[in-house]
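The values are calculated or read from the model by the stated rules, or taken from the named source; none is laboratory data. Since the model is a prediction, treat every value here as computed from it, not as a measurement. Using ideal geometry, Cβ is built from the backbone for each residue, glycine included, and neighbour counts are taken over all protein chains shown.
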Amino acid sequence: MSTDATIQGLRTTLEDERESLRSQLAELGYGAQLDYDPNFADSSQVTAERGETEALVQKLVTSLHEVEHALEKFGSEQYGLCEACGQRIADARLEARPEARLCMACAAKSH
Ligand SMILES: [Zn+2]
């Protein structure tokens, strides 16, 4: 059973991560635009370098969604519970990956 202090620490970690991801996106010019525009890739302006930036932006947006999803679960007291089986996710796993949605057993099964 996680202590409140552990959970609170993970929430702080996730909030820090969210801020970090947002500032990285802001630096890339995606500060206010959190919804990734799939049409961006169709621009005739796309260069190899821009393609790399786009891949990075996509990765950051995906991570941001994962982090925001995890933070939403604090509000409904679902945080730390596996989304597949409902069991509590091990503290060690949450500390390594605070945005984890599945427990070890379910994550292993989904591969
Ligand atoms: Zn599970």
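Residues of the range 91-111 being in a loop (DSSP other than H, G, I, E, B), surrounded by fewer than 17 Cβ atoms within 10 Å (Cβ to Cβ) and under 18 Å from the mean Cα position of the chain (by Cα), which ones?
Correct list: 97 only.
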**OP:** Residue by residue through the range 51-100, note down the ones that are within 11 Å of the ligand (Cβ to nearest atom) and farther than 17 Å from residue 21 by Cβ.
**Re:** 81, 82, 83, 84, 85, 86, 87, 88, 89, 90, 93
**OP:** Please enumerate the residues belonging to the range 78-111 that are within 29 Å of residue 25 (Cα to Cα) and not hydrophobic (A, V, I, L, M, F, W, C).
**Re:** 78, 79, 80, 83, 93, 95, 97, 98, 99, 101
Original post:
Which of (1) modelled with pLDDT under 95; (2) assigned to a helix (DSSP H, G or I) does residue 45 not meet, given it meets every other one?
Top reply: (2)
